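Shown next, in structure tokens, is the structure this report addresses.
The values are calculated or read from the model by the stated rules, or taken from the named source; none is laboratory data. For clarity, every value in this text was computed on a predicted model and none was experimentally measured. Here the Cβ positions follow ideal geometry from the backbone for every residue, glycine too, while neighbour counts run over all protein chains shown.
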Ligand code: SAM
Ligand code: DTB
Ligand code: SF4
């Protein structure tokens with residue numbers, strides 16, 4: 001069994017990235033097989049329950065008020081509508097329903113509806129995940145009491161590159177929220193984005209920050225930047241030859257996440273739509289074992305269910321039905 005370590009050094013992680021590609025892939029696949037069934041991939045579905053008008057200035061995001069992306073701001077969806085959408089996801093075979101809100105943080109007045117949504121989605125036998133921005137310890141406790149299974153809050157990049165992408169909240173703010181989520185007993189989902197113009201060293205720093213948290217996140221989403229016109233990064237990268245992260249470098253990042261965080265679910269997240277099937281296959285080989293399904297992420301398009309069914313058939317993959325190795329609490333017992 002692989003040893004679970006939270007004392008990785010940047011040098012060790014840089015050395016992983018530097019391995020010959022086939023050697024890196026082999027090592028990642030070995031770790032993957034030791035802890036996960038390599039032919040099983042978890043299916044998660046996303047829904048934006050409150051879109052646009054976000055006061056934060058994340059340079060990649062179509063939902064920031066600072067972006068001129070054409071995404072219209074809307075209010076928090078009705079509980080009933082959210083539950084209808086969750087039912088569709090369940091029928092399509094999804095295991096987890098992830099709900100995102102374009103907030104800096106939830107307001108007290110939003111919490112009763114959020115709690116009702118968590119309870120309702122959970123009662124359908126789906127795992128619940130929310131991403132609502134920063135959380136206070138009290139809000140994290142309220143969500144835990146409602147039965148929330150996972151909270152997503154990404155560190156996004158290395159501490160150094162983070163500051164070049166977001167100015168309205170710090171990496172420390174993000175780490176504080178992760179600690180509040182962890183202390184409340186909710187499973188942690190935290191990852192970031194590759195392809196924002198960061199260096200290899202930043203990708204090493206990104207994996208280092210996650211893999212040296214006191215406890216590894218149960219889920220680690222690795223997104224490839226979806227360049228959206230009207231966002232700082234979307235516009236910047238559209239004008240440079242760096243427009244898209246090199247597939248091999250993306251796979252290296254997935255492999256480094258797998259090797260350093262052996263028990264975590266590594267999610268091949270945004271950006272799949274513009275990736276070839278071969279590149280996605282390499283990600284699964286490198287230890288990615290979770291994806292977002294459906295034809296929409298939060299605001300950006302995603303490979304639809306038909307394309308994914310065809311991909312799974314081609315690769316001989318099947319949806320994960322059991323539990324993740326790291327889960328902190330039992331699920332599917334509606335409260
Ligand atoms: N407002 C909440 C927050 O930031 O915590 C939740 C929603 S936010 C959209 C969730 C994550 O999606 C971000 O942290 C970022 O990692 C990812 N994301 C957002 N826009 C993206 C894009 N254009 N391409 C890739 N990933 C993106
Ligand atoms: C994560 O890491 N990726 C998801 C989820 N967590 C919330 C969001 C991806 C968003 C992609 C851009 C969009 O749809 O606007
Ligand atoms: Fe707001 Fe989240 Fe988008 Fe940042 S990533 S602008 S916090 S919705």
Answer residue from segment 289-334, given it is touching a helix residue (DSSP H, G or I) at 6+ places or on another chain (Cβ under 6 Å) and over 25 Å from residue 85 (Cβ atoms) and is modelled with the lowest pLDDT among those | 325
Is there a residue in segment 16-36 that is outside any helix (DSSP H, G or I), touching a helix residue (DSSP H, G or I) at 6+ places or on another chain (Cβ under 6 Å) and away from ligand 1 (no atom under 11 Å from the Cβ)?
-> no
Which listed residue, of 273, 249, is away from ligand 3 (no atom under 16 Å from the Cβ), modelled with pLDDT under 95 and either in a helix (DSSP H, G or I) or more than 14 Å from the chain's Cα centre (by Cα) (or both) = 273
Might you check whether a residue that is closer than 22 Å to residue 174 by Cβ and either exposed (fewer than 13 other Cβ atoms within 10 Å of the Cβ) or in contact with a strand residue (DSSP E or B) (Cβ under 8 Å, 6 or more places away or on another chain) (or both) occurs anywhere in segment 65-77?
-> yes
Within the group 205, 191, which residue is buried (at least 20 other Cβ atoms within 10 Å of the Cβ), under 15 Å from the mean Cα position of the chain (by Cα) and either at pLDDT 95 or above or closer than 24 Å to residue 256 by Cβ (or both)?
-> 191
List every residue pair whose Cβ atoms sit under 8 Å apart, with the two residues 6 or more apart in sequence or on different chains, where the first one lies in segment 139-156 and is farther than 28 Å from residue 207 by Cβ and the second, anywhere, is within 14 Å of ligand 1 (Cβ to nearest atom) and in a helix (DSSP H, G or I).
-> 139/180; 146/114
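So which of 80, 27 is within 29 Å of residue 123 (Cβ to Cβ) and either away from ligand 3 (no atom under 13 Å from the Cβ) or at pLDDT 95 or above (or both)?
Values: 27 fails: within 29 Å of residue 123 (Cβ to Cβ).
Only one candidate passes the filter, namely 80.
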Restricting attention to segment 97-112, the residues that are within 11 Å of residue 49 (Cα to Cα) and away from ligand 3 (no atom under 12 Å from the Cβ) number exactly 2
Selection from segment 172-188 of residues within 20 Å of residue 257 (Cβ to Cβ), surrounded by 18 or more Cβ atoms within 10 Å (Cβ to Cβ) and within 16 Å of ligand 3 (Cβ to nearest atom) yields 174, 178, 181
Determine whether residue 61 is within 28 Å of residue 259 (Cβ to Cβ) and either within 16 Å of ligand 3 (Cβ to nearest atom) or touching a helix residue (DSSP H, G or I) at 6+ places or on another chain (Cβ under 6 Å) (or both).
-> no
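When only residues in segment 294-320 that are assigned to a strand (DSSP E or B) and away from ligand 2 (no atom under 16 Å from the Cβ) count, which is surrounded by the fewest Cβ atoms within 10 Å (Cβ to Cβ)?
Step one: of segment 294-320, the residues assigned to a strand (DSSP E or B) are 296, 301, 318-319.
Filter once more, keeping what is away from ligand 2 (no atom under 16 Å from the Cβ): 318-319.
Numbers: 318: 13, 319: 16.
This residue is 318.
Go over the candidates 132, 143 one by one and state the one that is over 18 Å from residue 191 (Cβ atoms) and within 16 Å of ligand 1 (Cβ to nearest atom). Give the derivation first.
On the way: 132 fails: over 18 Å from residue 191 (Cβ atoms).
When all the criteria are applied, what remains is 143.
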Verdict on residue 187 being within 13 Å of ligand 1 (Cβ to nearest atom) and within 30 Å of residue 115 (Cα to Cα) = no
Check every one of the helices (runs of 4 or more DSSP H) wholly within segment 40-150 and list those with 1 or more residues that are within 18 Å of the chain's Cα centre (by Cα).
-> 79-91
